[in-house]
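Report on the following structure.
The values are calculated or read from the model by the stated rules, or taken from the named source; none is laboratory data. All figures in this text were calculated on a predicted structure; none of them were measured in a lab. Note that each Cβ is placed from the backbone with ideal geometry, even for glycine, and that neighbours are counted across all protein chains shown.
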Amino acid sequence: MSNPSINLQDSTKSSRKPLLIIAGVVLGVIFIGIGAIYLTQTASNLPSFFPGHVAVSTTIHHTKHALVAFVLAVCSFGVAWFGLGPAQTKQK
């Protein structure tokens, strides 16, 4: 008779992988959107909850913030990509 706790652990490990992939893709898309907002909007047009929002600025764009958002997007997509890799097998 097989041990049910081992089967339960195997099923939870396999169910975490799709969640990791979905989370990586969703976060990547969000970070791309944030980076695009930082590149295209002036500091006064940024949403008030974004770091770098200035109420009366007309010319300041936040290029460094945009680059950080794009790097985070690439990292998030990388997490999703590596999550698509083959499952590890146990060797005896």
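Look through the range 69-89, keep the residues that are among the polar types (S, T, N, Q) and out of contact with any Leu (no Cβ under 8 Å at 6 or more places or on another chain), and return whichever of them is surrounded by the fewest Cβ atoms within 10 Å (Cβ to Cβ).
T89
I'd like to check something: does the range 34-51 contain any residue that is at pLDDT 70 or above, β-branched (V, I, T), crowded, with 16+ Cβ neighbours inside 10 Å and outside any loop (DSSP other than H, G, I, E, B)?
Yes.
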Discussion item. If I filter the range 75-84 for residues that are part of a loop (DSSP other than H, G, I, E, B) and at pLDDT below 90, do I get at least one hit?
Written reply: yes
Item to complete: State whether the residues of the range 57-70 include one that is in contact with a His (Cβ under 9 Å, 6 or more places away or on another chain), assigned to a loop (DSSP other than H, G, I, E, B) and aliphatic (A, V, I, L, M).
Response: no
Worksheet item: Is there any pair linking a residue in the range 46-70 that is over 18 Å from L27 (Cβ atoms) to one that is among the aromatic types (F, W, Y) and modelled with pLDDT of 85 or more, with Cβ under 7 Å and at least six apart or on different chains, and which?
Response: H62/Y38
Worksheet item: Tally time: how many residues in the range 52-68 are modelled with pLDDT of 85 or more and surrounded by 14 or more Cβ atoms within 10 Å (Cβ to Cβ)?
Response: 3
